[in-house]
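Reviewing the structure listed below.
Read-outs: derived from the displayed coordinates by stated rules, not from any lab. Nothing here was measured: the structure is a model prediction, and the numbers come from that model. All Cβ positions, even for glycine, are placed from backbone atoms using ideal geometry, and neighbour counts span all protein chains on display.
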Amino acid sequence: VLLAKIVEKVTGQDYDTYLWENILEPLEMNSSGLGDFNMIGNRAIAHKGGLSKSRVISNFKPQWIYGMGEMYATAADLNKWLLALDHNEVLSEESRNAMLTPVKNNYAYGWHVRDHAGHTQVSHGGYLPGWNSYVYYYPEDTLSIIVLSNKEESNPMLLGREIGNILFANEIFLLDEFFGQQLYTGRYEVIDEINEENGLPIASDILMINEEHGSLQVRTPKGK
């Protein structure tokens, strides 16, 4: 929010106009912008809850949070943005390198920067009520993995990471290891009733099973 106000103070323009004239229009990000999502035609609709109890979220106004989450975009437009950053079309090479240099705990200026199977991985997520997203970019490979969801409880970070694991599988896992534990990961729909034995109350009809350090973890939408 503070950075958005600084942009307006320095440029003398409102944040929306500045972004459109200097970034969105030059990069032909024609399906991106700022504003009330509820006023946009042909759009995804925010949801919360499991499949049997899903509800639309319509009482949240993105303009309440201004520069920290008022934007909408498509995966194709976000890919244009990542390529423009990578090709120094938005920032100078010096500024781009500074932005992607980790300051603390692998976090740089607005990006997580890590090594993934010997490849530099730049990533970050976005979250609003009813929305969840995550972006991974591998500059050395010019590879983008962009996961956008209009369901609040989804896990785009995990899905994007698993896609990366598949793409680099021969560099990360022995195949028998990859198709062992990894075979069972994913989203499971609970068809039959499950009681609360072993302290695992099931509050929804969807479970997530993830592989972590050689073991399988079961998680309900409420995080248990």
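Around Tyr127, with a cut-off of 14 angstrom between Cβ atoms, what is the net charge of the other residues, counting Lys and Arg +1 and Asp and Glu -1?
-1
Quick check: net charge around Tyr136, other residues with Cβ under 14 Å of its Cβ, Lys/Arg +1 and Asp/Glu -1?
Combined, the nearby Lys, Arg, Asp and Glu give -3.
Could you list the residues of the range 130-156 with an amide nitrogen less than 20 Å from a label point located 7 Å from the Cα of Val56 in the Cα-to-C-beta direction?
From the range 130-156, the list is 130-132, 149-154.
With viscosity set to 1.002 mPa s and temperature to 20 °C, compute the Stokes-Einstein D of the range 64-140, Rh being the Kirkwood radius across alpha carbon pairs; µm²/s, no decimals.
157 µm²/s
What's the Kirkwood radius of the range 1-95 in Å, using all Cα pairs?
With all distinct Cα pairs of the range 1-95 included, I get 15.2 Å.
Long-range amide H contacts for Lys151: which residues qualify at under 5 Å (H placed 1.01 Å from N, peptide plane, sequence gap of 5 or more or a different chain)?
The list, which skips near neighbours in sequence, is His47, Asn132.
Using amide H atoms built 1.01 Å from N in the peptide plane, name the residues 5+ places from Ile206, or on other chains, whose amide H lies under 5 Å from its own.
Val190
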